[in-house]
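> Please read through the structure below; I'll follow up with questions.
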There are 2 protein chains.
Amino acid sequence: MGSMAFDSVKTPFGEREDAIGGSATYFSVSASYFTDVRLVAVVGSDFPQGELDFLAERSVDLSGLERSEGKTFRWKGEYGFDLNTAHTLDTQLNVFQDFRPQVPAAFSESEFVFLANIDPELQVSVVEQVKSPQLVACDTMNFWIEGKRDELVRMFGMVDMAVINEGEVRELAGESNILKASRKILEMGPQTLLVKRGEYGALLIQKDSVFSAPGLPLEDIYDPTGAGDTFAGGFMGYLSSKGDLSPGALRRAVIFGSVMASFNVESFSYDRLKNLTQGEIEARYRQFSELAHFDRL
Amino acid sequence: MGSMAFDSVKTPFGEREDAIGGSATYFSVSASYFTDVRLVAVVGSDFPQGELDFLAERSVDLSGLERSEGKTFRWKGEYGFDLNTAHTLDTQLNVFQDFRPQVPAAFSESEFVFLANIDPELQVSVVEQVKSPQLVACDTMNFWIEGKRDELVRMFGMVDMAVINEGEVRELAGESNILKASRKILEMGPQTLLVKRGEYGALLIQKDSVFSAPGLPLEDIYDPTGAGDTFAGGFMGYLSSKGDLSPGALRRAVIFGSVMASFNVESFSYDRLKNLTQGEIEARYRQFSELAHFDRL
């Protein structure tokens, strides 16, 4: 469950007007390389049917997609040379403003649920519509940490995992040390925290363990938009395909998420995710292994 | 070869006046856990004999230590909550001002040479005093990148490896992408670049390979002063003890360097490095293995 959008993005390497974006889009396409995906989102009447057809071809079930009269959510942003922070220039919520996610009956037995960044009250409403999932993970952002903290903390009490940016971990916990901050968030409810660190990779933190996944240094990064949702899609998609939540599977899932995100940033919109092969995905996983390997003592 | 100093340091977790510091001090103590060390540095008449005795006990050969009339180099700095950047409040070069490093004849056959951060012309003079080393590595800082760029580039042409901070890599190369920036620096001469990324670990970059070493998330970081030199000391000390420059040995050396740095930041000055055991060092290496491990495909 998340957003579908038109993004107008400017980076030091080019710009793109009204490209297809949105958290649900990036997540679904990424996860579709591993498993069947069920999407809950809303689009306006201006959303191109061709893009929806593409999702359907990739086995994304669109029966939870609401098509409203009006315009699709639009976001306009810009990145500086460090590519780490997006500067929002304009946001038009449009049909997203009144979005009240409805989980179709056929989706209510879903075992893996991802709540992309949206009003935490709506995230709660989605959790309540799913019967007995094996894993519920959520994203959020500083906007909700600052504006709806109580609702956010309540939502965190209902999920198994949070997948959030390092800066948001620090802000939510009010603590600069990342390990101490993470422990505070685990006390709010989630058993697992997946900390996104941009080009520095990710940390998977549980009560008694920490896994550090590297970021793959890339020579050509064009557009980081959607990297976090693409990462979450690869992560959840891999777990769902295996039905295995062991420590080893979680670590492999973080690497598959990183693999998918590393492809995504190589192009604008989700162009690079449109026609990946299993061979390319596996070759890049091996690149991560080569990147991070060192001998045990 | 490097500095010995009195550091006055303030961090969010406390402060210490006139603690023993300096790049040569941190490097030597760290490397001494792996190999015999030969130190080239200068101290004033105010430097405590007890600290020199401690170094000698740890098999640090002090015959290259110059004892000058006058006061030892003094640095005063402060760290904010992120602990990543030191804000220099005061620098008194004192006897370091006129330091012209003299490599004793008995040191001239040294096979592993580390040139800590100092005027690049003096780094060159040290390289010229060593006969046929197996590995020469250097550090530097933004001050020389901005003020003595030509001399620095000449020095880089004479070393095998540079061990520098990520921000310095970008500044020296004039390129924000870390991989492209690193390749530009490799073109200046070094075959290997070791990029220090603070809490995010390190990258070991050669023409055709990249190794990403994780940073160990620590709950208690008191003082990052000297972390980079401690890292370099563990790295060079391990390599020197093995006499092996294979890719696998370089990677293990990066982890041993990271292990030593992770201890160092747990206390002010080099207190934590004073009485480590081999068992503690190995246990922490295993912690790094556990932190970074994921299954191959």
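> Across chain B, where is the longest run that never hits GluC sites (Glu not before Pro) in a DSSP loop with at most 13 other C-beta atoms within 10 Å?
Longest run free of exposed loop sites: B:110-218.
> Run the quick spin-label model on B:Asp98 and A:Ala106: label points 7 Å from Cα toward the beta carbon, then report their separation in nm to one decimal.
Using points 7 Å along Cα→Cβ, the separation is 8.8 nm.
> Shielding of B:207-214 by partners, i.e. mean partner chain Cβ atoms within 10 Å per residue? Please report the intermediate quantities before stating the final value.
Values: counts 0, 0, 2, 7, 6, 14, 4, 10.
Across the residues of B:207-214, the mean count of other-chain Cβ atoms within 10 Å is 5.
> Report the Rg/Rh value for the stretch A:7-98, based on alpha-carbon coordinates and the Kirkwood definition of Rh.
1.00
> Further, regarding this structure: In peptide A:199-205, what is the residue-averaged number of other protein chain Cβ atoms found within 10 Å of each Cβ?
Values: counts 4, 9, 4, 0, 4, 1, 1.
The shielding value for this peptide is 3.
> Here's something else I'd like to know. Are there trypsin sites (Lys or Arg not before Pro) in the stretch B:124-200 that DSSP marks as loop and that have at most 14 other Cβ atoms within 10 Å, and which are they?
B:Lys131
> What distance in nm lies between label points placed 7 Å from Cα along the C-beta direction at A:Leu218 and A:Lys184?
Those two pseudo-labels are separated by 3.2 nm.
> Against the empirical 2.2 N^0.38 Å scaling, what ratio does the C-alpha Rg of the stretch B:1-156 come to?
Cα-based Rg divided by the globular estimate yields 1.05.
> With N denoting the number of residues in the stretch B:86-148, provide Rg(C-alpha) divided by 2.2 N^0.38 Å, to two decimal places. Can you show the working numbers first?
Details: Rg = 13.5 Å, N = 63, 2.2 N^0.38 = 10.6 Å.
This ratio for the stretch B:86-148 stands at 1.27.
> Before rounding to the nearest 500, sum -39500 (n - 2.57) across all DSSP H runs of length at least 4 in chain A and divide by the residue total; then give [θ] at 222 nm in deg cm²/dmol.
Value at 222 nm, helices only: -11000 deg cm²/dmol.
> With r as the distance between the Cβ atoms of B:Glu146 and A:Asp36 and R0 = 60 Å, compute the FRET efficiency 1/(1 + (r/R0)^6) and round to 0.05.
My answer for the efficiency is 0.60.
> Beyond 30 Å, what percent of the Cα pairs of the protein assembly as shown remain?
55
> Enter the mean number of other protein chain beta carbons within 10 Å of the beta carbon of each residue in B:280-293, as an integer.
Shielding by partners across B:280-293 averages 3.
> Ok, one more. Just the number, please: percent antiparallel of the DSSP beta bridges in the protein assembly as shown, rounded to the nearest 5. Before the final figure, lay out each step's value.
Numbers: 42 of 88 bridges.
Percent antiparallel among DSSP bridges in the protein assembly as shown is about 50.
> Another question, if that's okay. Within chain B, what's the longest stretch lacking chymotrypsin sites (Phe, Trp or Tyr not before Pro) that sit in DSSP loops with no more than 14 other Cβ atoms inside 10 Å?
In short, B:82-297.
> How high is the relative contact order of the stretch A:1-115, in percent, counting Cα pairs under 8 Å that sit 6 or more residues apart?
28
> Now, a different point. Just report the Cα centroid separation between the stretch B:1-41 and the stretch B:139-201, whole Å.
A separation of 23 Å, based on Cα centres.
> Go through the stretch B:1-51 and name the trypsin sites (Lys or Arg not before Pro) that are in a DSSP coil and have 16 or fewer other Cβ atoms within 10 Å of their Cβ.
Passing sites in the stretch B:1-51 do not exist.
> Let me ask another. Report the Stokes-Einstein translational diffusion coefficient (µm² s⁻¹, integer) for chain B, Rh taken as the Kirkwood radius over Cα pairs, at 20 °C with viscosity 1.002 mPa s.
The diffusion coefficient I find is 112 µm²/s.
Rule-based calculations on the coordinates, nothing more; no lab input. Predicted model only: the values in this text are computed from it and were never measured. Note that we place each Cβ from the backbone using ideal geometry, even for glycine, and neighbour counts take in every protein chain shown.
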